[in-house]
């Protein structure tokens, strides 16, 4: 298990752990690679390579770095680094063929495609789209702020949540050519001032969910895989009291079973739990579980669907919860490890 961090305080880069999916126990392996602000990570489909953003501002310029994974030790060997053609890269994904990497830049509000070589190294950008526009919040939405990218189950479309535009953009994606192009229609809108942040597809491919950072809601969409279109079916709060000063959401994930959805609340410091109606994709809020720390920026569900690992960025901890596969409720296992400024978790299966 790899953990991306912000390299401030005591953090120096990407850290490795052994995770036992039978017990939910974590064994720290230490620093896997020293690199600046590797806030988000992605794993190549072959499990041999890891990719990390280097979340730098305009002065430093955004970049993505590639690493080779040593499965025996967990150590990472740097391969190369490429520009993201923007500032503040914050999220990335490798496509199913392993030939292209798509990254979004929060600071400059853009989406970029980088080709991936057979050796895992990244080539110079082969596709790039600069977003444009604004929305109603003058402090946060004066311009575009691309916050996440997800690829459709059939690898044909890139879904980009842009906080600054209040849009979930849809791009046509060509993995072989490493290109993206605007789709028709180009986006699904959310309520003005929502600030869409992260997105998660339902395993069925019929639904998608975006968590809205500023209004603390989740918007459920019906997804048409042939047309590549998103149609809103519901928007629901992540906390009963609604938005409060100092509150914001971060991550959203659908459980591998497709029965449940989880979202993280910063400030409120909890994971919102929802059940999913399989007949229509609608959500029912079943409660919030405290994360035992501050600012759970992100979390991850382990590949077996048995555990949820919450990362408390401002209290430097990762806390493990068991998932009730009947109800979806979370229960602390008692497993808690120290980790400076954790932001992103990615699992790699070891033989």
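The values are calculated or read from the model by the stated rules, or taken from the named source; none is laboratory data. Here the structure is a predicted model, which is why all the values come from computation and not from measurement. Cβ: placed from backbone, ideal geometry, glycine included. Neighbour counts: every protein chain shown.
Checking the condition modelled with pLDDT of 95 or more, under 18 Å from the mean Cα position of the chain (by Cα) and within 25 Å of residue 10 (Cβ to Cβ), which residue from 260, 347 passes?
Numbers: 260 fails: within 25 Å of residue 10 (Cβ to Cβ).
Result of the check over 260, 347: 347.
Do the conditions hold for residue 164, that is, is it farther than 24 Å from residue 253 by Cβ and either in contact with a strand residue (DSSP E or B) (Cβ under 9 Å, 6 or more places away or on another chain) or modelled with pLDDT under 95 (or both)?
Working: farther than 24 Å from residue 253 by Cβ: no; either in contact with a strand residue (DSSP E or B) (Cβ under 9 Å, 6 or more places away or on another chain) or modelled with pLDDT under 95 (or both): yes.
Answer is no for this residue.
With the requirement that a residue be free of Cβ contacts under 8 Å to residues at least 40 places away in the same chain and closer than 18 Å to residue 287 by Cβ, what does the range 245-262 give you?
247, the sole residue that qualifies.
Please state which one of 265, 280 is assigned to a strand (DSSP E or B), touching a strand residue (DSSP E or B) at 6+ places or on another chain (Cβ under 8 Å) and in contact (Cβ under 8 Å) with a residue 12 or more places away in the chain.
Values: 280 fails: assigned to a strand (DSSP E or B).
Being assigned to a strand (DSSP E or B), touching a strand residue (DSSP E or B) at 6+ places or on another chain (Cβ under 8 Å) and in contact (Cβ under 8 Å) with a residue 12 or more places away in the chain holds for just one of 265, 280, which is 265.
Among the residues of the range 177-196, write down those that are under 22 Å from residue 41 (Cα atoms) and over 19 Å from the mean Cα position of the chain (by Cα).
178, 179, 180
Just checking, which of 327, 295, 333 is over 27 Å from residue 14 (Cβ atoms) and in contact with a strand residue (DSSP E or B) (Cβ under 9 Å, 6 or more places away or on another chain)? Walk me through it before giving the result.
On the way: 295 fails: over 27 Å from residue 14 (Cβ atoms); 333 fails: over 27 Å from residue 14 (Cβ atoms).
The conditions single out 327.
For the range 153-190, name all the residues that are under 18 Å from residue 135 (Cβ atoms) and surrounded by fewer than 16 Cβ atoms within 10 Å (Cβ to Cβ).
185, 186
Limited to the range 249-262, what total is found for residues that are in contact with a strand residue (DSSP E or B) (Cβ under 8 Å, 6 or more places away or on another chain) and over 22 Å from residue 194 (Cα atoms)?
Going residue by residue through the range 249-262, those that are in contact with a strand residue (DSSP E or B) (Cβ under 8 Å, 6 or more places away or on another chain) are 249-256, 258-262.
Add one more test, that the residue is over 22 Å from residue 194 (Cα atoms), and what stays is 255-256, 258-260.
Residues meeting the conditions: 5.
Would you confirm whether or not the range 144-162 contains a residue that is touching a residue at least 60 places away in the same chain (Cβ under 8 Å) and farther than 23 Å from residue 208 by Cα?
Applying the first criterion (touching a residue at least 60 places away in the same chain (Cβ under 8 Å)) to the range 144-162 yields 147, 152-157, 159.
If we keep only those that are farther than 23 Å from residue 208 by Cα as well, we get none.
The answer is no, given that none of the residues of the range 144-162 is touching a residue at least 60 places away in the same chain (Cβ under 8 Å) and farther than 23 Å from residue 208 by Cα.
Conditions tested, residue by residue: (1) buried (at least 22 other Cβ atoms within 10 Å of the Cβ); (2) under 24 Å from residue 91 (Cβ atoms).
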| site | (1), (2) |
| --- | --- |
| 210 | yes, yes |
| 216 | yes, yes |
| 231 | no, yes |
| 236 | no, yes |
| 246 | no, yes |
| 249 | yes, yes |
| 264 | yes, yes |
| 282 | no, no |
| 289 | no, no |
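Could you grab me the full set of residues in the range 307-324 that are surrounded by fewer than 18 Cβ atoms within 10 Å (Cβ to Cβ) and within 27 Å of residue 12 (Cα to Cα)?
Across the range 307-324, the qualifying residues are 314, 315.
Identify all residues within the range 110-143 that are within 20 Å of residue 212 (Cβ to Cβ) and buried (at least 24 other Cβ atoms within 10 Å of the Cβ); write none if there are none. Don't jump to the end; show me each part of the working.
Taking the range 110-143 first, the residues within 20 Å of residue 212 (Cβ to Cβ) are 111, 131, 133-143.
Result: 111, 135.
Which residues, counting only those in the range 47-73, are free of Cβ contacts under 8 Å to residues at least 60 places away in the same chain and within 20 Å of residue 19 (Cβ to Cβ)? Before you say what the answer is, go through the steps one by one.
Filtering the range 47-73 for residues free of Cβ contacts under 8 Å to residues at least 60 places away in the same chain gives 52-68, 70, 72-73.
Within the range 47-73, 52, 67, 70, 72, 73 meet the criteria.
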